[in-house]
Amino acid sequence: MAPHDLRRPFKRPKISDQQRRRELSLQRQAQHRRDAQQQARCLADTILSLQNDVAAEAEPQFESSPQSEEHSQDFDVRDAAKLKGAEARRWFAKQLMLPEWMIDVPDRLSSDWYVFARPAGKRCFVVSSNGITVSRLRNGAMLHRFRSSLPNGGARGNNSYCILDCVFHEPDQTYYVIDLVCWSGMSLYECTAEFRFFWLNSKLDEIGGGNDRKYRFSAVVVYNCDQEGLKAAYTGMVPYVKDGLLFYNKHAHYQSGNTPLVLVWKDENCSQYVVDTDSKGQVPDQQHVVLELLDDGGVVTSDDPPVKFGCLDSDFVQKTGLKTSYLLRFAIGEGGLCFADGKLEKADLHYLGKSNRARAFADSYSKVIFQYAVRHSPLKIEHLFASISSSNEEENTPCDTEMVG
Amino acid sequence: MAMEVTQVLLSAQAVDSSVRKHAEDTLKQFQEQNLPGFFLSLSGELASEEKPVDSRRLAGLILKNALDAKEQHRKYELVQRWLSLDVGVKSQIKACLLQTLSSTSSDARSTASQVIAKVAGIELPQKQWPELIGSLLANVHQVPPHVKQATLETLGYLCEEVVPEVVEQDQVNKILTAVVQGMNANEGNTDVRLAATRALYNALGFAQANFSNDMERDYIMRVVCEATLSPDVKIRQAAYECLVSIGSAYYDKLAPYIQDIFNITSKAVREDEDPVALQAIEFWSSICDEEIDILEEYGGEFTADSDVPCYYFIKQALPALVPMLLETLLKQEEDQDQDEGAWNLAMAGGTCLGLVARTVGDDIVPLVMPFIEENITKADWRQREAATYAFGSILEGPSPDKLTPIVNVALNFMLTALTNDPSSHVKDTTAWTLGRIFEFLHGSTVETPIITPANCQQIITVLLQSMKDAPNVAEKACGALYFLAQGYDDVGPTSPMTPYFQEIVQSLLNVTHREDAGESRLRTAAYETLNEVVRCSTDETARLVLELVQVIMTELHNTLEAQKLSSDERERQNELQGLLCGCLQVIIQKLGASEPTKYAFMQYADQIMNLFLRVFACRNATVHEEAMLAIGALAYVTGPTFAKYMADFYKYLEMGLQNFEEYQVCAVTVGVVGDICRALEDKIMPYCDGIMTLLLKDLSSNQLHRSVKPPIFSCFGDIALAIGENFEKYLMYAMPMLQSAAELSAHTSGADDEMIEYTNLLRNGILEAYSGIFQGFKNSPKTQLLIPFAPHILQFLDSIYMEKDMDDVVMKTAIGVLGDLADTLGSNAGSLIQQSLSSKDFLNECLSSDDHLIKESAEWARLAISRAISV
């Protein structure tokens, strides 16, 4: 039994570079394995959920021609990404998740909601596929076609694709990404907002914003809607021009069309466009609304189910040559809107004419009401803060539940 | 049955190689033809007092080697062979061995001790040879001291061979009593006392119960401490070895003795001979190891249920310990920096000082600073070096707040010393200290940067200049540059290193070409630094990295052109090829990480692959591994076009997968199979039969290191994902293997940390295989084939969930498998899934996890399950 060697490493790093090379290789392999799994899991997933969406959304009132309805049954999102012209417009016009306007403050704002300052600009979908990136406006029309650093949005890689929900902000030529629908072939339709925002931030970090490209991509800062978060979103500095605040329910999935789980709110301090303007950019004396004409002469909002604001006389319809599903513009007269039990009872509507052709939808109920409130008794930021602090108090007050623990 | 073997054994040690060869063949033949006779002859030879000592010793040695082997598989065979021998034969051999312990030849006694311990190592766990320990203990009380000495030595070896669990506590008590009595100061014979002290070192692992008994522990500690004061230096050294071991194994029992131990160790460090003084320092180093572990594990917060509390021995001893260690720093040897095997008081003392700094943090700084200030400008190089070494040693541990102001003052001094100090020894330590400064106080996590635009250029200039110094100094300068680069790893798009990138790379390449680059690991250090500089570079220098590809390729090409090399030269060439392949691997991985550089790199892919294939022809394990790693990185970059290399590369892939001895090579090759699967997808089909066969063989081999098995399972998943339903034909082989491995890894009760860690690796591999298989079969008409395996897989998920010991990685993979199963089998597995615990409690736990990867997988699983159930 000879004495034991007691030498310790002397002036040596703790691990060798060779060991590091091994470890870094293993990390790389693990990462690529993870990516491959993710890809496998999500490809079919996206196709499936989008097909469902297409089928569910193919409602007649939005379709002007029956042929495209048949088409849409067969699309998967890659086909959709390849769509051109009118078909693409129709398809994408139905895919954006549209916020309702905040006409009263939802419960549990501070615990269940996010808030962020909405960038002023053009709301659009950005789709990368086959080595090219295309942005499409709310009505489905194409805005830009460019090479980006999104996966498969510049250099042609594989069959993957991305769909981002963005606001294009002119002054700095930046797409502010406000939501993420698909990333690298992975569908996030059925993921919570909490997860989508997390995923959005980590993926945008990975591609690094694309500073070297024509247009940049940038995330917006999302806050929990507590006192500080709301304050930060409302008054905080952002690199873009603000247009109101967006509120996202944390648990909500991405859902095409209007949803009460995403809300928009604005006042003069955080938006230049609080009161709707007409086509010349002037605030009209009376509030204008756009409603859709039904078979029976009813004029309704774009909500599901639609809210009926009134009914056109059948003679009037015939005389003016109006057809079902036309979008019509009205002014709200002196009589205003009358409510009973929180429901619209009567509206003093004055027909102005057909709406601008670029419009894809009627106004939503919440928009009309919000605009009406802005002109009469607006929901103020103080109300929002008050609602947060009162809900805090509620949480702190003792409850009647008997403790058995 | 026995045979006269003396002459053969002597011939086997002859100078004449043909005589030797003939004798060896005879012995081999004898062993093969008549094993019992062979063993009996050898043991008879060993026991016989009339025989020459040389033949007796060799007889014992052959016997010992016939009972044990390093390699696990071979060892098992030898054990089984011994156990199956006739009982009578074994008794006869054992009697001879025990008899030899009384021999007058110390060589014969010592050899017999070792053989007895080997036999005990085989038989005691089988509850055989129960009388052994009794008869040994009887020997201890015999009068002739040489018998006593041999018996104590045997007990020592026995404790080394046998695990404590197979010896009854009653016998343990008797062994310890005999050993400790033998160590006692009133034992008059030095050989006996030394043998006893060395035996205690091995017996300490058996003394758990005795160390819990105050009286017995006091007695053992007293005897050990007394032995450290023995007039015999070997006994003192052996006694300190015991103390070091006690410090680690019984840290929590040391409190009553620590003051006394400090007194005797500090006297030994100052006054005793080096071998003893080094052990005395080692005692404090090992106490530091213990306290660092404890503090790391509990983060400094102790609750009542912490296993081992920290007694802060180092903190308490600090005011006396630090001056003692500082004194040792002045006892350097002239040329210790050139001597790879050197270990002296200054080195041990400085190393211990570094550990003390890690243990106590800020508290050490004021105790060391006066020593540094006093000595750093002295005329004697020993004082300057000691001061610098002290400074370098305390850079890890104390907070940056404490160190940064000091480093800011010292940095300039260090740079001047590295340039101007006349002593190469001082420059070596100065460059090392700069490396430590950059390692611990430079980087994105440090709040106040010590490297600024103002001094960055000067630092780099000095380091590059220093790379032309003596090899040991240049090697440390490379090391410093390594950590300088590392600190800018995540600096963002603009790196302060960028303006110097080209100059740095050129300087490092110059170093690799130095005549004396083979000394002090200099060439290796230069390439390693080059690797780190490349890893931490930014897009700004991507073009220069791309140019480097050609340079390194040329270097590698040159190594392949050299012909008719001596074996020394060949070894050096192989080493260089390893370094160059390693460097190319780093470059490929770097350029492959972003799209534009990846495409620019592609132009070199053919040439590089061709070079790698030629390197494989050299057949050296290290080169093989490095080239293999580089090929994995290349496959990722080239994607499907890698297919064109497969015809030439495949045979090396096969070789790698069959390399059981160098298991790292095998493991790396398995990883590369995964890379190639992802690159080629279904184009890997033609090679799958061969690869799967080898992987299945690897799994069934008990020669292959166990660490390679989890990645092999993961590799099944990679293959299945790549070839989809074509994996069908491997299901009948792969599934039963996965299933039995899953059963083995489901429960860990009673396992130690290391085993739990391994089990989790295994689980992860198994689960990754399942994931790959499910995803591979998705949307295929053959999905039905997987349905029979679903109940077992769900049961496996449930049981590892119940076991509550999986780590985050396994959790993420496991919940993913649940999703994959639901996704692929759909409604076929709906009711099975609903019955499983995993789909409820486990899923909920994962959904609310803080780990985003777990959460992400869980979201996916939730979605897949909801679809499977709703359909």
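Could you figure out which of (1) modelled with pLDDT of 95 or more; (2) farther than 18 Å from residue B:247 by Cα; (3) in contact with a helix residue (DSSP H, G or I) (Cβ under 6 Å, 6 or more places away or on another chain) isn't true of residue B:306?
(1)
If we scan region A:312-326, do we find a residue that is surrounded by 15 or more Cβ atoms within 10 Å (Cβ to Cβ), of a type in the set (D, E, K, R) and either assigned to a loop (DSSP other than H, G, I, E, B) or at pLDDT 85 or above (or both)?
Looking for residues that are surrounded by 15 or more Cβ atoms within 10 Å (Cβ to Cβ), of a type in the set (D, E, K, R) and either assigned to a loop (DSSP other than H, G, I, E, B) or at pLDDT 85 or above (or both), one finds none in region A:312-326, hence no.
When you check residue B:475 against the structure, is it closer than 22 Å to residue B:393 by Cβ and surrounded by 15 or more Cβ atoms within 10 Å (Cβ to Cβ), yes or no?
yes
In region B:528-551, is there at least one residue being polar (S, T, N, Q) and assigned to a loop (DSSP other than H, G, I, E, B)?
At the first step, the residues of region B:528-551 found to be polar (S, T, N, Q) are B:529, B:531, B:537-538, B:541, B:550.
Cutting the leftovers down to assigned to a loop (DSSP other than H, G, I, E, B) gives us B:537-538.
Checked region B:528-551: at least one residue is polar (S, T, N, Q) and assigned to a loop (DSSP other than H, G, I, E, B).
For residue B:491, state whether it is among the aliphatic types (A, V, I, L, M) and in contact with a helix residue (DSSP H, G or I) (Cβ under 8 Å, 6 or more places away or on another chain).
No, not satisfied.
Could we say that residue B:562 is modelled with pLDDT under 95, within 14 Å of another protein chain (Cβ to nearest Cβ), more than 30 Å from residue B:494 (Cα to Cα) and surrounded by fewer than 16 Cβ atoms within 10 Å (Cβ to Cβ) here?
Considered against the rule, which asks whether it is modelled with pLDDT under 95, within 14 Å of another protein chain (Cβ to nearest Cβ), more than 30 Å from residue B:494 (Cα to Cα) and surrounded by fewer than 16 Cβ atoms within 10 Å (Cβ to Cβ), residue B:562 comes out as no.
The rows are residues; the columns are (1) within 20 Å of residue B:37 (Cα to Cα); (2) of a type in the set (Ser, Thr, Tyr).
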{"position": "B:71", "(1), (2)": "no, no"}
{"position": "B:77", "(1), (2)": "yes, no"}
{"position": "B:83", "(1), (2)": "yes, no"}
{"position": "B:87", "(1), (2)": "yes, no"}
{"position": "B:91", "(1), (2)": "yes, yes"}
{"position": "B:107", "(1), (2)": "no, no"}
{"position": "B:112", "(1), (2)": "yes, no"}
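Take the residues in region B:474-520 that are assigned to a loop (DSSP other than H, G, I, E, B) and closer than 15 Å to residue B:531 by Cβ; name whichever of them is nearest to the other protein chains (Cβ to nearest Cβ). Steps first, answer last, please.
Narrowing region B:474-520 to residues assigned to a loop (DSSP other than H, G, I, E, B): B:487-497, B:513-518.
Keeping just the survivors that are closer than 15 Å to residue B:531 by Cβ gives B:488-489, B:497.
Working: B:488: 17, B:489: 12, B:497: 18 Å.
Checked region B:474-520; the qualifying residue nearest to the other protein chains (Cβ to nearest Cβ) is B:489.
If I filter region B:308-362 down to residues being hydrophobic (A, V, I, L, M, F, W, C) and not in a helix (DSSP H, G or I), which single residue comes out as farthest from residue B:297 (Cα to Cα)? So that I can check it myself, show each step before the final result.
The first filter runs over region B:308-362 and keeps only residues hydrophobic (A, V, I, L, M, F, W, C), leaving B:308, B:310, B:313-314, B:317-318, B:320-322, B:324-326, B:329-330, B:342-343, B:345-348, B:352-353, B:355-357, B:360.
Those still in the list that are not in a helix (DSSP H, G or I) too: B:308, B:310, B:330, B:342-343.
Working: B:308: 10, B:310: 11, B:330: 35, B:342: 33, B:343: 30 Å.
Among those residues, the one meeting the criterion is B:330.
Looking only at helices (runs of 4 or more DSSP H) that fall completely inside region B:1-88, which ones have 2 or more residues that are surrounded by fewer than 15 Cβ atoms within 10 Å (Cβ to Cβ)?
Correct list: B:17-33, B:53-65, B:72-83.
For residue B:845, indicate whether it is modelled with pLDDT of 90 or more and among the charged types (D, E, K, R).
The answer is yes for residue B:845.
Of the residues that make up region B:786-807, is at least one within 14 Å of chain A (Cβ to nearest Cβ), in a helix (DSSP H, G or I) and in contact (Cβ under 8 Å) with a residue 40 or more places away in the chain?
The answer is no; no qualifying residue exists.
Quick check on this structure: which one of B:179, B:224, B:233, B:166 is within 36 Å of the chain's Cα centre (by Cα), closer than 26 Å to residue B:79 by Cβ and not hydroxyl-bearing (Ser, Thr, Tyr)?
Testing whether each residue is within 36 Å of the chain's Cα centre (by Cα), closer than 26 Å to residue B:79 by Cβ and not hydroxyl-bearing (Ser, Thr, Tyr) leaves just B:166.
Filter region A:351-380 down to the residues that are in contact with a His (Cβ under 9 Å, 6 or more places away or on another chain) and either part of a strand (DSSP E or B) or more than 16 Å from residue A:273 (Cβ to Cβ) (or both) and list them by number.
Of everything in region A:351-380, just one residue is in contact with a His (Cβ under 9 Å, 6 or more places away or on another chain) and either part of a strand (DSSP E or B) or more than 16 Å from residue A:273 (Cβ to Cβ) (or both), namely A:352.
Looking only at region B:835-871, filter to residues that are exposed (fewer than 15 other Cβ atoms within 10 Å of the Cβ) and more than 13 Å from chain A (Cβ to nearest Cβ); which one of those is nearest to residue A:191 (Cα to Cα)?
The extreme case among them is B:844.
From B:755, B:737, grab the single residue that is away from every other protein chain (no Cβ under 14 Å) and either within 25 Å of residue A:36 (Cα to Cα) or among the acidic types (Asp, Glu) (or both).
Step by step, each of B:755, B:737 is checked, and only B:737 is away from every other protein chain (no Cβ under 14 Å) and either within 25 Å of residue A:36 (Cα to Cα) or among the acidic types (Asp, Glu) (or both).
Out of A:245, A:291, I need the residue that is touching a strand residue (DSSP E or B) at 6+ places or on another chain (Cβ under 9 Å), under 23 Å from residue A:356 (Cβ atoms) and at pLDDT 90 or above. Which one?
Sole residue among the options that is touching a strand residue (DSSP E or B) at 6+ places or on another chain (Cβ under 9 Å), under 23 Å from residue A:356 (Cβ atoms) and at pLDDT 90 or above: A:291.
Out of the residues in region A:191-219 meeting the condition of being at the interface with chain B (Cβ under 9 Å from one of its Cβ atoms) and under 14 Å from the mean Cα position of the chain (by Cα), tell me which one is surrounded by the most Cβ atoms within 10 Å (Cβ to Cβ).
Only one residue fits best here, namely A:191.
Under the condition of being within 8 Å of chain B (Cβ to nearest Cβ) and more than 30 Å from residue B:159 (Cβ to Cβ), which residue from region A:1-15 is modelled with the lowest pLDDT?
A:13
Considering only region B:237-246, I want to know if a residue exists there that is outside any helix (DSSP H, G or I), of a type in the set (S, T, N, Q) and within 14 Å of another protein chain (Cβ to nearest Cβ). Show your work before the answer.
Within region B:237-246, the first condition is being outside any helix (DSSP H, G or I), and the residues that meet it are none.
No, there is no match, as no residue in region B:237-246 is outside any helix (DSSP H, G or I), of a type in the set (S, T, N, Q) and within 14 Å of another protein chain (Cβ to nearest Cβ).
Looking at (1) polar (S, T, N, Q); (2) part of a helix (DSSP H, G or I); (3) surrounded by 14 or more Cβ atoms within 10 Å (Cβ to Cβ), which one does residue B:263 not meet, given that it meets all the others?
Every listed condition holds for residue B:263 apart from (3).
Please go through region B:189-224 and give me each residue that is hydroxyl-bearing (Ser, Thr, Tyr) and under 17 Å from residue B:170 (Cα atoms), ordered by number.
If the condition is that a residue be hydroxyl-bearing (Ser, Thr, Tyr) and under 17 Å from residue B:170 (Cα atoms), then B:212 is the only one that fits.
Taking the conditions exactly as written (touching an Asp or Glu at 6+ places or on another chain (Cβ under 7 Å) and buried (at least 18 other Cβ atoms within 10 Å of the Cβ)), does residue A:222 satisfy them or not? If you could, list the steps in order and put the result at the bottom.
On the way: touching an Asp or Glu at 6+ places or on another chain (Cβ under 7 Å): no; buried (at least 18 other Cβ atoms within 10 Å of the Cβ): yes.
Judged against the criteria, residue A:222 is not a match.
Taking region B:373-401 on its own, how many of its residues are at pLDDT 95 or above, over 30 Å from the mean Cα position of the chain (by Cα) and outside any loop (DSSP other than H, G, I, E, B)?
Count: 11.
Can you name every residue in region A:16-44 that is at pLDDT below 50 and either more than 39 Å from the chain's Cα centre (by Cα) or at the interface with chain B (Cβ under 7 Å from one of its Cβ atoms) (or both)?
At the first step, the residues of region A:16-44 found to be at pLDDT below 50 are A:43-44.
Correct list: A:44 only.
Go through region B:808-842 and report how many residues are over 16 Å from residue B:783 (Cβ atoms), in a helix (DSSP H, G or I) and touching a helix residue (DSSP H, G or I) at 6+ places or on another chain (Cβ under 6 Å). Even if it seems obvious, please write down each step before you answer.
Initially, region B:808-842 is screened for residues over 16 Å from residue B:783 (Cβ atoms), giving B:808-816, B:818, B:831, B:834-842.
Still in the running and in a helix (DSSP H, G or I): B:808-816, B:818, B:831, B:834-835, B:838-842.
Those still in the list that are touching a helix residue (DSSP H, G or I) at 6+ places or on another chain (Cβ under 6 Å) too: B:809-816, B:818, B:838-839, B:842.
Number of matching residues: 12.
Of everything in region A:235-257, what is among the hydroxyl-bearing types (Ser, Thr, Tyr) and either crowded, with 19+ Cβ neighbours inside 10 Å or assigned to a loop (DSSP other than H, G, I, E, B) (or both)? Give them in sequence order.
Matches in region A:235-257: A:240, A:248, A:254, A:256.
Looking at (1) touching a Pro at 6+ places or on another chain (Cβ under 6 Å); (2) surrounded by 22 or more Cβ atoms within 10 Å (Cβ to Cβ); (3) not basic (Lys, Arg), can you tell me which one residue B:239 breaks?
Single failed check for residue B:239: (1).
The values are calculated or read from the model by the stated rules, or taken from the named source; none is laboratory data. For clarity, every value in this text was computed on a predicted model and none was experimentally measured. Glycine gets a Cβ as well: all are built from the backbone with ideal geometry, and neighbour counts include every protein chain shown.
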